[in-house]
Amino acid sequence: MFENLQDRLGSILNGLTGRGALSEADVSAALREVRRALLEADVALDVVRSFTDRVREKAVGAEILKSIKPGQMVVKIVHDELIEMLGGEGVGIDLHAPAPVVVMMVGLQGSGKTTTTAKIAHRLSTREKKKVLMASLDTRRPAAQEQLRQLGAQANIDTLPIISGQSPTDIATRAVQAAKLGGHDVVILDTAGRTHIDEPLMVEMADIKKRSNPHEILLVADSLTGQDAVNLARSFDERVGITGLVLTRMDGDGRGGAALSMRAVTGKPIKLIGVGEKMSELEEFHPRRIADRILGMGDIVSLVERAAENIDAEKAAAMAAKMAKGKFDLDDLADQLRQMQKMGGMGGIMGMMPGMAGMKDKMAAAGLDDKLFGRQIAIIQSMTKAERTNPDLLKHSRKKRIAAGSGTDAAAINKLLKMHRQMADMMKMMGGKGKGGMMKQMMGGLAGKMGLGGGMGGMGGGMGGMGGGMPDLSNIDPRQLEALQKQAEAAGLGKPGGGMPGLGGMPGGLSGLGGAKLPGLGGGFPGLPGLPKKK
């Protein structure tokens, strides 16, 4: 979503950080470019104007011009003002009300209300252990109520039985009564939409609000609609009154202007963002983390949280035990690749790692996209169990059979085997160097540089591959994760070109994945095919 804006702002701010001293003219020229970049990203004009005015006011002060690193001070000011524009602190769904808490979903047709309703219900039931009832009030769109019922069955969430002929307000009343009788903690009302805002729609929303007395009214808006989404939010807030926003399709290729404008224009917090089609692909909106991503500072906290959600604890423990013995077969490699896919693929992970956002384009140019994982998994699945356990069996005739079965060629199989050999060698080194091996020393060094010591729930003791030995990340205190992000920035991890201390000293992020190892993600990316060796 923010890739173009990230590239533009990154190049503008890098131009400032490379200078020893800044004049007022330098800052003004840079802010003109920032203004242009934000306008091109479809951010509302008044939001852009107030943003650049606030940055200029702070950036041309005496303390900036006298600062040891004025360029970095300007980057910090831009970063802080971005966070402020996005809402300061993240705000979740408020459930502090007598049960059943009524949540009303509003928005235009096609914005993703029904799917988002099911995602929120799934999130509340799995994460917060709430008993949720969903009710569809959309009597106009064909099969809308049936769609919600099917989503409920898929996610194991209760839905209000459909009674044909009832009006939306009657359904709302019945839903609240059913939730009380059924002992539900939360009832979510999925209201009808229109293709555009009109008077009957607003009257219907007001009637439903009056009848059901919702504690939360969430406006669902498609983030790809840009400025229209901002006008939509303003209209709904004036007529119905909204308590928060949910932006869908944040994984799309829009310019991001809606996300940056809506909080500033409406004053209402963005509470959740949809980042994919799956039921689990709904995230809380954290202004600091989004600002970090836009400025290429990475998002360690979200990366670790995503790992905690996707990593199977039992598999991780078994993998860690194998690695400690220096064992790593092709089944293990396939597991590592699947874990990477679940966490958003190479691009998703790189975008969240400090100083590495710019690597995605280089990797794509080298043919290292997420399709590569699929091809490599297909190659491994085309092998027999004996071949996966003992790759030395793979001679020419067997490779020919595997290539035919996986739709690849012998060269792709050889690259995969080379990668596996390097990873297996690395695992042996890690398992064989004293207590906890080399991995523990490397990650311990990284934790030490960040000032974490042993406080990351064992993180310093071996991120032996995302699938193999990140010890129960779900138990890490979120505040500790936030502290990790801040300490990473302080240690230089959050600065473009800052490298990653403790990981082979890679200036500018991952300059040459082929030589430098990245322990902690699939056991490192040693010699992934297509990228140049580090010189």
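What the table below lists for this structure:
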item	result
Positive minus negative residues near ILE162 (Lys, Arg vs Asp, Glu; Cβ under 9 Å)	0
Placed amide H near THR248: partners under 5 Å, 5+ positions off or other chain	ALA221, ASP222, SER223, GLY274
The range 147-216: relative contact order in percent, alpha carbon pairs under 8 Å with at least 6 residues between	32
The range 38-118: GluC sites (Glu not before Pro) in DSSP loop, at most 13 other beta carbons within 10 Å	GLU89
Heavy-atom accessible surface of the range 42-170: percent carbon and sulfur, 1.4 Å	50
Area accessible to solvent at THR384, 1.4 Å probe radius, in Å²	60
Derived scalar couplings ³J(HN,Hα) [the range 170-178; Karplus, 6.51 cos²θ - 1.76 cosθ + 1.60; whole Hz; x for Gly, Pro]	5, 5, 4, 4, 5, 5, 5, 5, 4
Cα gyration tensor shape for the range 1-158, rounded if a/c is under 1.5, else prolate or oblate	prolate
Cα→Cβ-extended label distance, 7 Å offset, between ASN213 and HIS96, nm	1.9
Extension gain (nm, one decimal) between LYS327 and ARG398, 0.36 nm per residue minus Cα-Cα	23.3 nm
Surrounding net charge for LEU245, when Lys and Arg each add one and Asp and Glu each subtract one, Cβ distance under 10 Å	+2
Nonlocal amide H pairs with THR159, under 5 Å, H built at 1.01 Å	MET134
From phi via Karplus (6.51, -1.76, 1.60), per-residue ³J(HN,Hα) for the range 119-125 in Hz, x at Gly/Pro	5, 5, 4, 4, 5, 5, 6
Computed accessible area, LEU108, all protein chains, 1.4 angstrom probe, square angstrom	40
Neighbourhood net charge (13 Å Cβ-Cβ; Lys/Arg +1, Asp/Glu -1) for GLY182	+2
Placed amide H near VAL101: partners under 5 Å, 5+ positions off or other chain	VAL186, VAL187
Rounded to 5, the percent of DSSP beta bridges in the range 197-295 classed as antiparallel	25
Solvent-accessible surface ranking, highest first, for HIS286, HIS396, HIS420 at 1.4 angstrom	HIS396, HIS286, HIS420
Average accessible area per residue (Å²) across the range 140-202 - probe 1.4 Å, nucleic acids and ligands excluded	51
Residue-by-residue Karplus 3J(HN,Hα) for the range 184-189, coefficients 6.51, -1.76, 1.60, Hz, glycine and proline x	7, 7, 9, 10, 10, 9
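The values are calculated or read from the model by the stated rules, or taken from the named source; none is laboratory data. Model, not experiment: these values are computed from the prediction. Glycine gets a Cβ as well: all are built from the backbone with ideal geometry, and neighbour counts include every protein chain shown. Side chains are part of the model used for accessible areas, which takes the heavy atoms of the whole protein and leaves out ligands, DNA and RNA. Shrake-Rupley method; radii C 1.70, N 1.55, O 1.52, S 1.80 Å.
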